[in-house]
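Some notes on the structure that comes next.
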Amino acid sequence: MDIAAIIAKAENTHKLAKQEIVALLADDAHTQEIFAAADRVRRRYVGDEVHLRGLIEFSNTCRQNCHYCGLRRDNTNVVRYRMEPDAIIDLARKAKEYGYRTVVLQSGEDPYYTVDILRHIISEIKKLGVAVTLSIGEKSRDEYAAYRQAGADRYLLRIETTDRLLYEDLDPGMSFENRLRCLRDLRSLGYELGTGCLIGLPGQTLESLADDILFFQEIDADMIGVGPFIPNPDTPLAAAAGGAFTSSLKVMAIIRLLLPDINIPATTAMETLDKNGRMIALQSGANVVMPNVTEGDYRRHYALYPGKICVGDTPAQCRSCITGKITAIGRGISTGHGFRLRKTAQE
Ligand code: SAM
Ligand code: SF4
Ligand code: FES
(Lines give C-alpha, C1' and ligand atoms only; values in the text may rest on other atoms or scores of the structure.)
(Ligands and ions follow the chains in the order given, each with its own letter.)
Protein backbone atom coordinates (compact mmCIF):
# COMPACT_ATOMS: atom_id res chain seq x y z
CA MET A 1 0.00 0.00 0.00
CA ASP A 2 1.05 3.58 -0.65
CA ILE A 3 1.64 4.84 2.90
CA ALA A 4 1.96 8.51 1.90
CA ALA A 5 -1.44 8.30 0.18
CA ILE A 6 -3.03 6.73 3.28
CA ILE A 7 -1.63 9.51 5.48
CA ALA A 8 -2.98 12.15 3.07
CA LYS A 9 -6.37 10.46 2.99
CA ALA A 10 -6.52 10.34 6.80
CA GLU A 11 -5.48 13.97 7.09
CA ASN A 12 -8.04 15.17 4.58
CA THR A 13 -11.05 12.90 5.04
CA HIS A 14 -10.54 11.56 8.61
CA LYS A 15 -11.66 8.15 7.39
CA LEU A 16 -9.64 5.01 6.89
CA ALA A 17 -10.49 1.37 6.32
CA LYS A 18 -9.20 -1.17 8.83
CA GLN A 19 -6.52 -2.48 6.46
CA GLU A 20 -5.25 1.07 5.90
CA ILE A 21 -4.89 1.60 9.64
CA VAL A 22 -3.07 -1.72 9.94
CA ALA A 23 -0.74 -0.64 7.12
CA LEU A 24 0.10 2.59 9.00
CA LEU A 25 0.71 0.69 12.22
CA ALA A 26 2.94 -1.85 10.47
CA ASP A 27 5.04 0.72 8.62
CA ASP A 28 8.27 1.98 10.21
CA ALA A 29 9.47 4.26 7.43
CA HIS A 30 6.84 7.05 7.65
CA THR A 31 6.40 7.47 11.39
CA GLN A 32 7.51 11.12 11.42
CA GLU A 33 5.10 11.93 8.58
CA ILE A 34 2.21 10.45 10.59
CA PHE A 35 3.19 12.55 13.63
CA ALA A 36 3.50 15.71 11.52
CA ALA A 37 0.08 15.15 9.90
CA ALA A 38 -1.51 14.58 13.33
CA ASP A 39 0.11 17.78 14.59
CA ARG A 40 -1.37 19.73 11.66
CA VAL A 41 -4.84 18.26 12.24
CA ARG A 42 -4.57 19.07 15.96
CA ARG A 43 -3.74 22.68 15.18
CA ARG A 44 -6.50 23.04 12.57
CA TYR A 45 -9.25 21.60 14.75
CA VAL A 46 -8.41 22.30 18.40
CA GLY A 47 -5.76 24.99 18.13
CA ASP A 48 -2.52 25.57 19.99
CA GLU A 49 -3.88 25.77 23.53
CA VAL A 50 -3.17 22.93 25.94
CA HIS A 51 -5.86 22.03 28.48
CA LEU A 52 -4.61 21.08 31.93
CA ARG A 53 -6.56 18.71 34.17
CA GLY A 54 -5.56 18.37 37.82
CA LEU A 55 -5.44 14.67 38.71
CA ILE A 56 -6.43 13.55 42.22
CA GLU A 57 -5.68 9.87 42.90
CA PHE A 58 -7.98 9.59 45.90
CA SER A 59 -7.91 5.84 46.61
CA ASN A 60 -5.67 3.00 45.49
CA THR A 61 -7.99 0.35 46.90
CA CYS A 62 -9.56 -1.85 44.23
CA ARG A 63 -11.98 -4.76 44.16
CA GLN A 64 -10.88 -5.76 40.66
CA ASN A 65 -7.91 -7.89 39.70
CA CYS A 66 -6.75 -6.67 36.27
CA HIS A 67 -3.61 -8.60 35.36
CA TYR A 68 -1.72 -5.53 34.18
CA CYS A 69 -2.37 -3.19 37.10
CA GLY A 70 -0.40 -2.72 40.31
CA LEU A 71 -3.56 -1.78 42.22
CA ARG A 72 -5.18 -5.19 41.59
CA ARG A 73 -6.70 -6.64 44.74
CA ASP A 74 -4.33 -9.62 44.97
CA ASN A 75 -1.25 -7.39 45.10
CA THR A 76 -0.20 -7.42 48.73
CA ASN A 77 2.87 -5.25 48.09
CA VAL A 78 0.83 -2.05 47.90
CA VAL A 79 0.25 0.18 50.90
CA ARG A 80 -3.47 0.85 50.49
CA TYR A 81 -4.95 4.26 51.21
CA ARG A 82 -8.25 6.08 51.00
CA MET A 83 -8.55 9.84 51.24
CA GLU A 84 -11.41 11.14 53.34
CA PRO A 85 -14.08 13.16 51.49
CA ASP A 86 -13.02 16.44 53.12
CA ALA A 87 -9.41 15.86 52.11
CA ILE A 88 -10.48 15.22 48.51
CA ILE A 89 -12.56 18.40 48.44
CA ASP A 90 -9.63 20.29 49.96
CA LEU A 91 -7.29 19.01 47.27
CA ALA A 92 -9.78 20.06 44.59
CA ARG A 93 -9.75 23.55 46.12
CA LYS A 94 -5.96 23.60 45.86
CA ALA A 95 -6.16 22.35 42.28
CA LYS A 96 -8.33 25.33 41.49
CA GLU A 97 -5.79 27.62 43.18
CA TYR A 98 -3.10 26.15 40.94
CA GLY A 99 -5.23 27.31 38.03
CA TYR A 100 -6.69 24.00 36.90
CA ARG A 101 -10.17 24.35 35.44
CA THR A 102 -10.86 20.61 35.53
CA VAL A 103 -10.38 18.19 38.39
CA VAL A 104 -10.08 14.48 37.58
CA LEU A 105 -11.07 12.19 40.45
CA GLN A 106 -9.45 8.81 39.89
CA SER A 107 -9.32 5.65 42.02
CA GLY A 108 -9.47 1.90 42.05
CA GLU A 109 -12.97 0.44 42.16
CA ASP A 110 -13.46 1.15 45.83
CA PRO A 111 -16.89 0.40 47.37
CA TYR A 112 -16.00 2.50 50.43
CA TYR A 113 -17.14 5.54 48.45
CA THR A 114 -20.89 5.06 48.39
CA VAL A 115 -23.20 6.96 46.05
CA ASP A 116 -24.02 9.39 48.86
CA ILE A 117 -20.37 10.05 49.65
CA LEU A 118 -19.50 10.58 46.00
CA ARG A 119 -22.49 12.83 45.45
CA HIS A 120 -21.36 14.96 48.35
CA ILE A 121 -17.77 15.15 47.05
CA ILE A 122 -18.86 16.00 43.50
CA SER A 123 -21.38 18.66 44.46
CA GLU A 124 -18.93 20.36 46.85
CA ILE A 125 -16.24 20.42 44.16
CA LYS A 126 -18.68 21.75 41.57
CA LYS A 127 -19.26 24.77 43.84
CA LEU A 128 -15.67 25.76 43.02
CA GLY A 129 -16.65 26.34 39.38
CA VAL A 130 -14.40 23.65 37.93
CA ALA A 131 -15.33 20.83 35.57
CA VAL A 132 -15.31 17.39 37.18
CA THR A 133 -14.12 14.22 35.47
CA LEU A 134 -14.64 10.87 37.18
CA SER A 135 -12.44 7.85 36.57
CA ILE A 136 -13.64 5.35 39.13
CA GLY A 137 -14.51 2.28 37.09
CA GLU A 138 -17.61 0.24 36.36
CA LYS A 139 -20.84 1.23 38.12
CA SER A 140 -24.56 0.72 37.56
CA ARG A 141 -26.53 3.07 35.35
CA ASP A 142 -28.28 4.45 38.45
CA GLU A 143 -24.95 5.27 40.06
CA TYR A 144 -23.69 7.01 36.93
CA ALA A 145 -26.99 8.95 36.81
CA ALA A 146 -26.58 10.03 40.45
CA TYR A 147 -23.03 11.34 39.90
CA ARG A 148 -24.16 13.16 36.78
CA GLN A 149 -27.01 14.75 38.71
CA ALA A 150 -24.55 15.84 41.37
CA GLY A 151 -22.66 17.71 38.65
CA ALA A 152 -20.02 15.39 37.17
CA ASP A 153 -19.25 16.53 33.63
CA ARG A 154 -17.05 13.81 32.17
CA TYR A 155 -16.20 10.17 32.72
CA LEU A 156 -13.06 8.34 31.80
CA LEU A 157 -13.32 4.57 31.36
CA ARG A 158 -10.86 2.95 29.01
CA ILE A 159 -12.09 -0.02 27.04
CA GLU A 160 -8.42 -1.16 27.42
CA THR A 161 -8.73 -3.42 24.34
CA THR A 162 -11.63 -4.19 21.99
CA ASP A 163 -10.36 -7.76 21.67
CA ARG A 164 -13.14 -9.30 23.73
CA LEU A 165 -11.26 -12.51 24.57
CA LEU A 166 -8.08 -10.68 25.50
CA TYR A 167 -10.08 -8.25 27.63
CA GLU A 168 -11.77 -11.02 29.59
CA ASP A 169 -8.49 -12.89 29.92
CA LEU A 170 -6.67 -9.86 31.37
CA ASP A 171 -9.58 -8.58 33.48
CA PRO A 172 -10.76 -11.71 35.30
CA GLY A 173 -14.32 -11.49 36.57
CA MET A 174 -15.11 -8.53 34.33
CA SER A 175 -17.15 -8.82 31.16
CA PHE A 176 -16.55 -6.99 27.92
CA GLU A 177 -20.34 -6.65 27.53
CA ASN A 178 -20.57 -4.77 30.83
CA ARG A 179 -17.71 -2.48 29.84
CA LEU A 180 -19.66 -1.59 26.69
CA ARG A 181 -22.82 -1.15 28.72
CA CYS A 182 -21.00 1.31 30.98
CA LEU A 183 -19.77 3.36 28.01
CA ARG A 184 -23.25 3.40 26.46
CA ASP A 185 -24.87 4.45 29.75
CA LEU A 186 -22.35 7.22 30.28
CA ARG A 187 -22.92 8.49 26.76
CA SER A 188 -26.72 8.46 27.09
CA LEU A 189 -26.58 10.23 30.47
CA GLY A 190 -24.89 13.21 28.85
CA TYR A 191 -21.34 12.82 30.12
CA GLU A 192 -18.44 13.83 27.95
CA LEU A 193 -17.12 10.38 27.25
CA GLY A 194 -13.48 9.49 27.66
CA THR A 195 -12.08 6.09 26.85
CA GLY A 196 -8.88 4.62 25.46
CA CYS A 197 -6.66 1.58 25.30
CA LEU A 198 -3.38 0.11 26.43
CA ILE A 199 -0.68 -0.47 23.82
CA GLY A 200 1.51 -3.57 23.93
CA LEU A 201 -0.63 -5.97 25.93
CA PRO A 202 0.53 -9.55 25.51
CA GLY A 203 -1.40 -11.12 22.63
CA GLN A 204 -2.55 -7.78 21.22
CA THR A 205 -2.27 -7.54 17.42
CA LEU A 206 -2.10 -4.63 14.99
CA GLU A 207 -5.53 -5.72 13.73
CA SER A 208 -6.96 -5.41 17.20
CA LEU A 209 -5.38 -1.96 17.67
CA ALA A 210 -7.00 -0.93 14.37
CA ASP A 211 -10.32 -2.22 15.75
CA ASP A 212 -9.75 -0.11 18.89
CA ILE A 213 -9.29 3.03 16.77
CA LEU A 214 -12.41 2.29 14.67
CA PHE A 215 -14.35 1.61 17.88
CA PHE A 216 -13.42 5.06 19.22
CA GLN A 217 -14.76 6.58 16.01
CA GLU A 218 -17.91 4.49 16.12
CA ILE A 219 -18.85 5.48 19.68
CA ASP A 220 -17.90 9.10 18.93
CA ALA A 221 -15.72 9.43 22.05
CA ASP A 222 -14.96 12.96 23.26
CA MET A 223 -11.61 12.08 24.76
CA ILE A 224 -9.19 9.25 24.07
CA GLY A 225 -6.28 8.41 26.33
CA VAL A 226 -3.81 5.83 25.12
CA GLY A 227 -0.59 4.77 26.73
CA PRO A 228 1.94 1.98 26.69
CA PHE A 229 1.31 -0.97 28.96
CA ILE A 230 4.22 -0.94 31.42
CA PRO A 231 4.75 -4.31 33.16
CA ASN A 232 4.54 -4.21 36.93
CA PRO A 233 6.75 -6.73 38.81
CA ASP A 234 3.99 -7.33 41.38
CA THR A 235 1.47 -8.56 38.81
CA PRO A 236 0.94 -11.73 36.73
CA LEU A 237 2.29 -9.81 33.70
CA ALA A 238 5.64 -9.07 35.37
CA ALA A 239 7.59 -10.81 32.61
CA ALA A 240 5.65 -9.35 29.67
CA ALA A 241 7.48 -7.17 27.14
CA GLY A 242 5.20 -4.14 27.49
CA GLY A 243 4.39 -1.44 24.97
CA ALA A 244 6.86 0.80 23.17
CA PHE A 245 6.82 4.59 23.23
CA THR A 246 6.77 5.01 19.44
CA SER A 247 3.94 2.52 18.86
CA SER A 248 1.83 4.26 21.52
CA LEU A 249 2.56 7.62 19.92
CA LYS A 250 1.61 6.24 16.54
CA VAL A 251 -1.75 4.92 17.75
CA MET A 252 -2.38 8.29 19.39
CA ALA A 253 -1.48 10.19 16.20
CA ILE A 254 -3.78 8.03 14.06
CA ILE A 255 -6.59 8.69 16.55
CA ARG A 256 -6.05 12.43 16.05
CA LEU A 257 -6.21 11.97 12.27
CA LEU A 258 -9.51 10.09 12.50
CA LEU A 259 -11.18 11.97 15.37
CA PRO A 260 -9.88 15.45 14.62
CA ASP A 261 -11.79 17.58 17.16
CA ILE A 262 -11.58 15.46 20.32
CA ASN A 263 -9.39 15.97 23.39
CA ILE A 264 -6.30 13.76 23.53
CA PRO A 265 -4.03 13.70 26.58
CA ALA A 266 -0.28 13.33 26.44
CA THR A 267 -0.26 10.53 29.00
CA THR A 268 1.89 10.04 32.07
CA ALA A 269 2.81 6.52 30.92
CA MET A 270 4.33 7.99 27.75
CA GLU A 271 6.62 10.22 29.81
CA THR A 272 7.55 7.22 31.93
CA LEU A 273 9.10 5.63 28.81
CA ASP A 274 10.63 8.81 27.36
CA LYS A 275 11.72 11.72 29.52
CA ASN A 276 10.27 14.18 27.02
CA GLY A 277 7.31 11.94 26.17
CA ARG A 278 4.45 14.30 26.95
CA MET A 279 5.91 17.18 24.93
CA ILE A 280 6.59 14.86 21.98
CA ALA A 281 2.97 13.69 22.28
CA LEU A 282 1.75 17.32 22.32
CA GLN A 283 3.63 17.76 19.04
CA SER A 284 2.13 14.58 17.55
CA GLY A 285 -1.59 15.17 18.05
CA ALA A 286 -2.23 15.60 21.79
CA ASN A 287 -3.77 18.76 23.33
CA VAL A 288 -4.27 17.86 27.01
CA VAL A 289 -1.97 17.18 29.99
CA MET A 290 -3.10 15.83 33.36
CA PRO A 291 -0.63 17.01 36.00
CA ASN A 292 -0.82 15.25 39.33
CA VAL A 293 -2.19 17.18 42.31
CA THR A 294 -2.13 14.22 44.72
CA GLU A 295 -0.03 15.02 47.77
CA GLY A 296 2.70 13.28 49.77
CA ASP A 297 3.15 9.50 49.91
CA TYR A 298 -0.15 8.82 48.16
CA ARG A 299 1.53 9.47 44.80
CA ARG A 300 4.05 6.73 45.43
CA HIS A 301 1.39 4.31 46.63
CA TYR A 302 -0.75 4.85 43.51
CA ALA A 303 1.63 2.44 41.83
CA LEU A 304 0.08 1.19 38.62
CA TYR A 305 3.48 0.47 37.11
CA PRO A 306 7.14 1.09 38.02
CA GLY A 307 8.94 4.31 37.15
CA LYS A 308 5.83 6.50 37.27
CA ILE A 309 6.85 10.15 36.91
CA CYS A 310 6.41 12.90 39.53
CA VAL A 311 6.16 10.54 42.54
CA GLY A 312 8.67 12.66 44.48
CA ASP A 313 7.26 16.02 43.39
CA THR A 314 4.69 18.31 44.95
CA PRO A 315 1.59 19.65 43.16
CA ALA A 316 3.27 23.07 43.01
CA GLN A 317 6.39 21.61 41.40
CA CYS A 318 4.30 19.80 38.78
CA ARG A 319 2.36 22.96 38.03
CA SER A 320 5.43 25.08 37.37
CA CYS A 321 7.25 22.23 35.60
CA ILE A 322 4.42 21.68 33.14
CA THR A 323 3.95 25.39 32.47
CA GLY A 324 7.65 25.68 31.67
CA LYS A 325 7.64 22.69 29.33
CA ILE A 326 4.52 23.74 27.45
CA THR A 327 5.77 27.30 27.04
CA ALA A 328 9.13 26.02 25.83
CA ILE A 329 7.48 24.23 22.89
CA GLY A 330 5.64 27.42 21.95
CA ARG A 331 2.18 26.40 23.11
CA GLY A 332 -0.18 28.26 25.44
CA ILE A 333 -2.20 27.04 28.40
CA SER A 334 -5.96 27.26 28.10
CA THR A 335 -7.93 29.21 30.69
CA GLY A 336 -11.22 27.55 29.70
CA HIS A 337 -12.81 24.34 30.95
CA GLY A 338 -11.66 22.52 27.86
CA PHE A 339 -14.84 20.76 26.82
CA ARG A 340 -14.80 19.15 23.41
CA LEU A 341 -15.65 21.73 20.80
CA ARG A 342 -17.33 19.87 18.00
CA LYS A 343 -16.19 21.63 14.93
CA THR A 344 -14.69 21.61 11.54
CA ALA A 345 -11.17 22.80 10.77
CA GLN A 346 -10.15 26.30 11.92
CA GLU A 347 -9.14 27.56 8.51
N1 SAM B 1 -10.00 1.81 38.23
C2 SAM B 1 -10.38 2.68 37.17
C3 SAM B 1 -10.38 1.95 35.85
O4 SAM B 1 -9.79 0.90 35.74
O5 SAM B 1 -11.01 2.49 34.91
C6 SAM B 1 -9.49 3.90 37.07
C7 SAM B 1 -8.08 3.77 37.55
S8 SAM B 1 -7.06 2.73 36.54
C9 SAM B 1 -5.61 2.65 37.50
C10 SAM B 1 -6.62 3.86 35.21
C11 SAM B 1 -5.93 3.24 34.03
O12 SAM B 1 -4.63 2.82 34.39
C13 SAM B 1 -6.54 2.01 33.43
O14 SAM B 1 -7.61 2.33 32.55
C15 SAM B 1 -5.37 1.34 32.71
O16 SAM B 1 -5.42 1.55 31.32
C17 SAM B 1 -4.14 2.07 33.31
N18 SAM B 1 -3.13 1.10 33.76
C19 SAM B 1 -3.27 0.14 34.68
N20 SAM B 1 -2.14 -0.60 34.78
C21 SAM B 1 -1.25 -0.11 33.88
C22 SAM B 1 0.06 -0.47 33.47
N23 SAM B 1 0.71 -1.49 34.02
N24 SAM B 1 0.66 0.26 32.49
C25 SAM B 1 0.01 1.32 31.94
N26 SAM B 1 -1.24 1.71 32.29
C27 SAM B 1 -1.88 0.99 33.23
FE1 SF4 C 1 -8.56 -1.69 39.58
FE2 SF4 C 1 -8.60 0.04 37.51
FE3 SF4 C 1 -6.32 -1.22 38.25
FE4 SF4 C 1 -8.27 -2.66 37.11
S5 SF4 C 1 -7.09 -0.94 36.15
S6 SF4 C 1 -7.08 -3.25 38.97
S7 SF4 C 1 -10.09 -1.63 37.93
S8 SF4 C 1 -7.45 0.27 39.44
FE1 FES D 1 5.41 16.64 37.73
FE2 FES D 1 7.10 17.72 35.80
S3 FES D 1 4.91 17.43 35.75
S4 FES D 1 7.50 17.28 37.95
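The values are calculated or read from the model by the stated rules, or taken from the named source; none is laboratory data. Everything numeric in this text was worked out from a predicted model, so none of it was measured. Neighbour counts run over all protein chains shown; Cβ positions are idealised from the backbone, glycine included. Note: areas computed on protein heavy atoms with side chains; ligands, DNA, RNA excluded. Shrake-Rupley method; radii C 1.70, N 1.55, O 1.52, S 1.80 Å.
Annotations
- Potential lengthening of the chain between ILE219 and THR323 amounts to 34.2 nm, from the contour at 0.36 nm per residue minus the alpha-carbon distance.
- Accessible carbon and sulfur surface of the range 34-332 relative to its total accessible area, %, 1.4 Å: 51
- Local electrostatic count, THR61, Cβ distance below 14 Å [Lys/Arg +1, Asp/Glu -1]: 0
- Length added when fully stretched, SER140-ARG44, from 0.36 nm per residue minus Cα-Cα: 30.8 nm
- Computed over the alpha carbons of the range 1-158, Rg followed by Dmax gives 20.4, 57 Å.
- When the helices of the chain are scored as -39500 (n - 2.57) per DSSP H run of n ≥ 4 and the total is divided over every residue, the value at 222 nm lands at -13000 deg cm²/dmol.
- The ASP74 and ALA241 beta-carbon pair, evaluated with R₀ = 22 Å, returns a calculated FRET efficiency of approximately 0.50.
- Furthest towards positive pole of dipole, ILE136, GLN204, LEU170, structure part the range 34-332, Cβ charges: ILE136
- Relative to the 2.2 N^0.38 Å rule of thumb, the range 299-341 has a C-alpha radius of gyration ratio of 1.48.
- Gaussian network model of the chain, springs between alpha carbon atoms under 10 Å - residue of GLY196, GLY225, GLY47 with greatest fluctuation: GLY47
- Within a Gaussian network of the chain (alpha carbon springs, distance under 10 Å), most fluctuating of THR13, THR133, THR161: THR13
- For the chain, modelled as a GNM whose springs connect Cα atoms under 10 angstrom apart, the maximal fluctuation among ASP48, ASP116, ASP153 occurs at ASP116.
- Given a 1.4 Å probe and the protein chains as shown, HIS30 ends up with an accessible area of around 50 Å².
- Projected label distance in nm at LEU165 and ASP116, using a 7 Å step from Cα toward the beta-carbon: 4.7
- Rolling a 1.4 Å probe over the protein heavy atoms gives the chain an accessible area of 39 Å² per residue.
- Considering all C-alpha pairs of the chain, those separated by over 37 Å amount to 11%.
- Residue-count net charge about GLU124 - beta-carbon cut-off 13 Å; Lys, Arg +1, Asp, Glu -1: +1
- Nonlocal Lys pairs with alpha-carbon distance under 20 Å, the chain (8 or more apart, or different chains): 14
- Taking a ≥ b ≥ c as the square roots of the eigenvalues of the alpha carbon gyration tensor, the range 147-220 is prolate, as a/c is not under 1.5 and a/b beats b/c.
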